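Derivation of every value follows stated rules applied to the coordinates shown; laboratory data play no part. Here the structure is a predicted model, which is why all the values come from computation and not from measurement. Ideal geometry is used to build each Cβ from the backbone, glycine not excepted, and the neighbour counts take in all protein chains shown.
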Amino acid sequence: MSALPALLDLLGDHTVRTVLLGASVVGFVAGALGSFAYLRRQSMMGDVVSHAALLGIAAAFIAASLVTGSGHHTLALLLGASLAGVLSILFATAVVKHSRITMDGAMAVSLALFFGGGLTLMRVIQTGPFAQRTGLNVYIFGRAAAITRADLQLIALFALVALAFMLLNWKVFKLYSFDSVLSELVGFRGRTVEPLLQATIVLAVVIGLKVVGLILMIAFVVAPASAARQWTRSLEGMVLLSGLFGASAAVVGTLISVVAGDVPTGPVIVLVLTAIVAVSLLAAPRRGLVARALRRRRQRLDLMRLAPQVPR
Amino acid sequence: MSFVVGVVALALVTALACAVPGVFLLLRKDAMMTEAVSHAVLPGIVIGLLFVGALDSPFLILAAALTGLLVVLGTEYLRSTGLVEGDAPLGLLFPALFSIGIILVSQRFANVHLDEHVVLVGDLNLAAFIHLEVGDVSLGPRYLYVMLAVLLLNVAFVTRFFKELQVTTFDPDFAQLSGFSVRRLHYAFMFLVSITITAAFYAAGSILTVALMIVPAATAHLVTKRLPPMLALTAAIAVVGALAGFGAAYALDAATSGAMAFVFGLGFVVVLVATRMSAAVRASRALTV
């Protein structure tokens with residue numbers, strides 16, 4: 001059997017199609033919005049958010065169980081995750097504002113507080129009187145194959161909201177990302193814009209948890225943006241390219257993992273993303289490491305030619 | 001030594017061993033490096049397990065610490081190229097290394113028994129399970145002595161290089177100008193951090209390691225700016241936090257490392273609020289006088 005019919009055969013599979021669609025939407029949205037985190041120079045906030053989401057998921061599970069008898073309402077879980085994610089950012093920024101702790105330390109404290117709380121609540125769920133308490137671990141390590149049609153609809157809904165938000169606030173987000181002082185002067189208050197922008201990024205992060213897991217979600221935020229930055233100098237280009245990098249890594253990674261069989265999808269996607277970053281750093285025109293080395297060599301040779309009397 | 005006492009002792013020693021280097025990481029604004037290193041050591045641990053077969057072997061800890069150092073060196077190289085801005089270099093390498101680790105684990109390579117759960121939250125009780133026995137007398141968990149060795153190593157390093165660490169932390173440019181090898185000390189220190197994280201990994205998992213390293217130092221930093229009192233306060237907070245966290249976990253039958261991380265975080269919040277309030281009181285008094 002040659003490669004093409006085998007591939008088409010795979011695409012005919014319903015589960016594979018669902019996973020591919022879900023993963024690529026997540027990859028696109030996280031990649032696109034990751035560009036803003038990158039420009040805000042706070043990419044690692046994505047890591048804090050994805051970990052903090054566990055607290056929201058666990059809390060939402062408990063609340064939903066108490067109200068409806070079952071905790072497995074994906075929409076409730078995702079809303080809880082988003083809320084906890086936003087709170088973890090607000091906490092870290094408040095710490096920086098009200099103490100001498102710098103952002104990196106504040107992020108680490110926020111991570112410990114929210115993720116520690118999340119793990120504690122997970123334990124409460126495990127030992128408590130909750131029906132259908134299994135299945136929440138999916139959000140920690142991610143299991144792309146477990147994505148259902150209902151998950152897919154929610155992923156699409158959150159993705160659309162996040163993208164619509166980004167497009168509607170495009171000018172504000174752009175100005176704020178590049179020059180927050182000017183943005184303030186023009187009348188966009190940082191106190192309003194910052195949480196809006198962060199909340200949009202949070203939406204993109206929480207839908208990825210089931211696909212790659214909360215530990216590896218940071219790769220979807222950082223890697224596509226870092227790669228895209230090497231090829232373009234405009235925000236429009238960066239956001240689009242970053243989204244495309246994220247989506248294509250998700251597709252390629254999922255296919256590799258399906259073909260290889262017993263290999264977890266999330267880590268494979270991350271390795272594909274890393275490869276894209278490596279190629280971009282090396283091969284990008286002008287900025288790339290190869291172009292840079294060649295330019296240096298040429299300049300050195302030119303210099304030699306101009307000044308032959310200089311001893312080598 | 002009874003089992004519970006053994007676990008508490010292990011929690012205490014692990015907290016102290018992490019807290020000491022944490023002070024310098026926080027002051028160097030490199031706190032999130034712990035998050036990167038604590039994930040990056042995973043492939044080193046898995047590959048080490050292939051050859052050594054025991055999680056508490058010093059060789060395994062050294063091998064895995066080298067992977068941790070890889071992420072430090074790689075991140076600093078990426079920063080130096082100037083191609084990747086902000087804190088993005090930090091988030092580029094460790095997910096890849098962690099992914100390699102997870103893939104290796106998932107392949108159940110040569111019977112490597114490493115639960116995904118242990119990776120994340122560690123298992124203090126499991127780490128404290130095998131006791132060191134001389135004759136009939138139990139001397140406590142065997143792993144306690146591994147962590148004790150790491151703690152001593154950290155204390156010895158900080159004591160011996162205190163002045164150097166101080167000057168490179170607060171004024172790296174001055175240190176460099178004084179003809180001081182800032183880089184060599186930095187890499188020695190980061191290797192020590194990596195060793196500490198690897199050793200703590202088994203007992204505490206990757207998340208608690210971040211909490212243990214950074215939160216005590218951050219809490220102490222809320223109160224003082226000076227290095228010697230900050231070190232002492234950090235150690236005290238680590239001890240109190242470890243005891244309180246362990247006690248809370250024990251009472252609530254909660255996951256030890258999660259509850260400990262949470263308690264450390266809560267302690268930070270309490271101290272933050274208290275210092276803010278006392279500052280506000282002082283300010284209003286100053287106004288009325």
Inset, instruction - Using the Kyte-Doolittle scale, find the helices of chain B whose mean hydropathy is at least 0.0 and whose Cα atoms extend 27 Å or more along the helix's long axis, counting only whole DSSP H runs. - result: B:3-27, B:33-51, B:58-81, B:88-106, B:142-160, B:182-223, B:227-252, B:256-288
Inset, instruction - Rank A:291, A:162, A:247 by mean-square fluctuation in a GNM of chain A with C-alpha springs under 10 angstrom and give only the top-ranked residue. - result: A:291
Legend entry - Nearest-ten-degree value, helix A:3-12 long axis tilted from longest Cα axis of chain A: 40 degrees
Inset, instruction - From the P(r) of segment A:223-282, can you give the percent of Cα pairs sitting at distances over 14 Å? - result: 53 percent
Inset, instruction - Run the dipole for the protein assembly as shown about the Cα centre, Lys and Arg Cβ at +1, Asp and Glu Cβ at -1, nothing else charged, and hand back the magnitude in debye, nearest 20. - result: 2160 debye
Inset, instruction - May I ask for the angle, rounded to the nearest 10°, between helix A:14-39 and the longest principal axis of chain A, with both axes built from Cα atoms and the value confined to 0 to 90°? - result: 60 degrees
Legend entry - Relative contact order (percent, whole number), chain A, Cα cutoff 8 Å, 6+ residue spacing: 28 percent
Legend entry - Charge context of residue A:79, other residues only, Cβ under 15 angstrom, K/R +1, D/E -1: 0
Legend entry - Rule-of-thumb Rg ratio for segment A:189-244 [Cα; 2.2 N^0.38 Å; N residues]: 1.27
Inset, instruction - Please report, largest first and rounded to whole Å, the three semi-axes of the ellipsoid equivalent to segment A:129-251, where each semi-axis is the square root of five times an eigenvalue of the C-alpha gyration tensor. - result: 31, 18, 12
Legend entry - Net charge of neighbours whose Cβ lies under 14 Å from the Cβ of residue B:230, counting Lys and Arg as +1 and Asp and Glu as -1: +4
Inset, instruction - Assuming 1.567 mPa s and 4 °C, estimate D for chain A with Stokes-Einstein, Rh taken as the Kirkwood radius over Cα pairs, in µm²/s. - result: 62 µm²/s
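Average projected area of the Cα convex hull of the protein assembly as shown, in nm²?
Averaged projected area of the protein assembly as shown's Cα convex hull equals 35.4 nm².
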Legend entry - Charge sum, other residues only, whose C-beta stays under 15 Å from residue A:237's C-beta, Lys/Arg counted +1 and Asp/Glu -1: +4
